[in-house]
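Take a look at the structure below.
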Amino acid sequence: MKRLLVANRGEIAVRIIRTAQEMGLETVLVVSEADRTSLAAELSDYVSVIGPAQAVQSYLNSAAVIEAVHSSGADAVHPGYGFLSEDAEFARSVEAAGVTWVGPSPDSIALMGNKAAARQAAKEAGVPVLVGSEGAIAAEDDVHAIAESIGFPLLIKASAGGGGRGIRIVESADKLQGELQLAVAEAGAAFGDPAIYLERFIDKARHVEVQILGDGVDVVHLFDRDCSLQRRQQKIVEETPAPNLPDHLREQMLTAAVDLGQRCGYRGAGTVEFLYDEARGEICFIEMNTRLQVEHPVTEMITGIDLVREQLRIASGEKLGYDQSAIKINGHAIEMRINAENPALGFMPSPGTITDVRYPGGPGVRVDSGVVSGSAVSPYYDSLVAKIVVWHSDRPSAFGRALRALSELRIDGVETTTTYLQAVLAHQAVADATHHTKFLEQSADQLLRGTA
């Protein structure tokens, strides 16, 4: 591996480029017309413009990316997260071009990309799953009977869904048919696949996940993360280790994640996601993401392992070179996603030009960002502009450092979620780790008052 093409943008492109260059690799960045002058483009050794600003004509245009691979002489492709990162056909196209795909096998991506099939694979691996339908709902299935066996409320989920999309809550039997029709239409429109399945709904669930690494034979875990602070199924704060999780359930979850990875012959970095039902004392598999996660820095902070470096090593054919006993937890880490949004206006996106920026610093503070003073925040893409990541020896100290870091952050020219995050982290329920995935919605008025 000598020349790596990065098929992404923003902070994750910057993140990948930096590690690749430290490893002695040349980098090629594909960009849209809107990102010609981005920080990532400035840092990359070579830049290839592949289309206009609209993602569907650039970053999601697999043919244009493959053409850039050929024209640039790249011998490897790193997809980052989002866009084409979990597109099995794109991964196959990369491999068919004789180029190294930095990620799991296309077959693993396809298997885990179908949430209904992933549930079945998890069950076969002995991983606990939520009560739900056996695979995707077929035309001949008695949906009402399946729903009654699961119980209400329940979730309708798109088999091809991801990123918190394609999910509907059904409170009672009389609402099932109407929600099914809407869910099928939404799944077809959003993912090109109308298949859906049913799953038990957990009230006040915690969202916890396990980072795994595999070399195709051996699989290890890098411990767990808590991602329960979410708005509309989108994570905004993540931390590791997950707080207030019983030790026996943590061990069950870590073991289950490794077992699933080994059953798949998993290669590269992946995340196995679970829901923790405190009322029932259960932890259940929900899905697996076959790529690098946005929140991977917190795992790096407590383990000292560079996940992008490991991805590149494994993709180039190297073995893990260490076993589970070599991976230790050191301290506590928290990541806060800074979005260009206006909380006072319903989190409306706030595109524009960043006129000035001052990032926090000091011990245990890391900033992953794709913007500097003068950078444009485009209306065409996700509103994430920076991730503020902090580490400390224990959770209370890490929270204190997180609040200090947020107080130092200055981003002028666009609205951001900085003050909203300060209100979230200062809330007693979050400090006590009694929050859950619906906490932000249920506390919305109180938290928004805290941003004034």
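No lab work stands behind these numbers, since they all come straight from the coordinates. Keep in mind it's a predicted model, so treat the numbers as computed, not measured. Cβ: placed from backbone, ideal geometry, glycine included. Neighbour counts: every protein chain shown.
Where the centre of each part is set by its Cα atoms, how far does segment 275-329 sit from segment 207-236, in angstrom?
Taking the Cα centre of each part, segment 275-329 and segment 207-236 sit 6 Å apart.
In the chain, if the dipole is taken from +1 on Lys/Arg beta carbons and -1 on Asp/Glu beta carbons about the Cα centre, which of Ala158, Leu213, Ala183 is farthest to the positive end?
Leu213
When only Cα pairs under 8 Å and 6 or more residues apart are kept, what is the percent relative contact order across the chain? It would help to have the intermediate numbers written out before the result.
On the way: 993 pairs, mean separation 64.3, N = 452.
Averaging sequence separation for qualifying contacts and normalising by length gives 14 percent for the chain.
Only sites in a loop by DSSP and with at most 12 other Cβ atoms within 10 Å count here; which trypsin sites (Lys or Arg not before Pro) in segment 324-396 make the cut? Walk me through the numbers on the way to the answer.
Working: sites: Lys328, Arg337, Arg358, Arg366, Lys387; in loops: Lys328.
Loop-located and lightly packed - Lys328.
In square nanometres, what is one fourth of the surface area of the convex hull spanned by the alpha carbons of segment 252-363? Mind dumping the intermediate values first?
Values: hull surface 46.3 nm².
Reported value for the Cα convex hull: 11.6 nm².
Counting just the Cα atoms, what span does segment 206-449 cover along each of its three principal axes? Round to the nearest Å and put the largest first.
The Cα atoms of segment 206-449 stretch 49, 44, 34 Å along their principal axes.
What is the dipole size for the chain, taken about its Cα centre, with +1 at each Lys and Arg Cβ and -1 at each Asp and Glu Cβ, in debye to the nearest 20? Can you show the working numbers first?
Values: 40 positive and 60 negative charges, 180 e Å.
Computed charge dipole of the chain: roughly 860 debye.
Can you compute the charge dipole magnitude of segment 206-449 about its Cα centre, using +1 on each Lys and Arg Cβ and -1 on each Asp and Glu Cβ, nothing else charged? Give it in debye, rounded to the nearest 20. Before the final figure, lay out the partial values.
Values: 24 positive and 33 negative charges, 79 e Å.
Computed about the Cα centre, the dipole is about 380 debye.
If you wrap segment 7-149's Cα atoms in a convex hull and average its projection over all directions, what's the area in nm²? Walk me through the intermediate numbers first.
On the way: hull surface 45.8 nm².
The number I arrive at for segment 7-149 is 11.4 nm².
Can you compute 3J(HN,Hα) from phi for each residue in segment 312-329, using the Karplus curve 6.51 cos²θ - 1.76 cosθ + 1.60 with θ = phi - 60°, rounded to whole Hz and x for Gly and Pro?
5, 4, 5, 4, 7, x, 6, 7, 3, x, 7, 10, 4, 5, 7, 9, 10, 8
Treating only the Cβ atoms of Lys and Arg (+1) and Asp and Glu (-1) as charged, compute the dipole magnitude of segment 321-418 about its Cα centre; round to the nearest 20 debye.
Numbers: 9 positive and 10 negative charges, 63 e Å.
That gives a dipole near 300 debye.
Which percent of the Cα-Cα distances in segment 156-210 go past 15 Å? Before the final figure, lay out the partial values.
Numbers: 731 of 1485 pairs.
Value for segment 156-210 (Cα pairs over 15 Å): 49 percent.
Would you tally the net charge around Asp141, using a Cβ to Cβ cut-off of less than 14 Å, leaving Asp141 out, and scoring K and R as +1, D and E as -1?
Numbers: positive: none; negative: Glu134, Glu140, Asp142, Glu148.
Surrounding charge for Asp141 is -4.
What residues have an amide H closer than 5 Å to that of Leu29, excluding those fewer than 5 places away on the same chain, when H is modeled at 1.01 Å from N in the peptide plane?
Long-range HN contacts for Leu29: Val6, Tyr46, Val47, Ser48.
With all distinct Cα pairs included, what does the Kirkwood hydrodynamic radius of the chain come out to in Å, to one decimal, could you say?
Numbers: mean 1/r = 0.0443 Å⁻¹.
Computed over the chain, the radius equals 22.6 Å.
If you bin the C-alpha pair distances of segment 1-78 every 5 Å from 0, what whole percents do you get?
Values per bin, smallest distances first: 3, 19, 32, 26, 15, 4, 1.
Filter Lys2/Lys319; Lys123/Lys319; Lys123/Lys235; Lys157/Lys438; Lys123/Lys157 down to the pairs with a C-alpha to C-alpha distance above 21 Å, please.
On the way: Lys2/Lys319 19 Å; Lys123/Lys319 28 Å; Lys123/Lys235 26 Å; Lys157/Lys438 17 Å; Lys123/Lys157 18 Å.
Checking Cα-Cα distances, Lys123/Lys319; Lys123/Lys235 exceed 21 Å.
Output wanted: per-residue J couplings in Hz (rounded whole) for segment 432-443, from phi through Karplus 6.51 cos²θ - 1.76 cosθ + 1.60, θ = phi - 60°, x for Gly and Pro.
After applying 6.51 cos²θ - 1.76 cosθ + 1.60, I find 8, 6, 9, 6, 8, 5, 9, 4, 5, 5, 6, 10 Hz.
Roughly how far apart, in whole Å, are the Cα centres of segment 100-135 and segment 407-452?
A separation of 34 Å, based on Cα centres.
Mind jotting down the distance between the C-alpha centroids of segment 1-21 and segment 331-350, whole Å?
24
So what is the calculated 222 nm ellipticity per residue for the chain, using -39500 (n - 2.57) for each DSSP H run with n of 4 or more, over all residues, to the nearest 500 deg cm²/dmol?
Working: 16 runs with 151 residues, N = 452.
When only DSSP H runs of four or more count, the value is -9500 deg cm²/dmol.
What ³J(HN,Hα) values, in whole Hz, does the Karplus curve 6.51 cos²θ - 1.76 cosθ + 1.60 give for segment 12-19 when θ = phi - 60°, with x put for Gly and Pro?
6, 5, 4, 4, 5, 4, 4, 5
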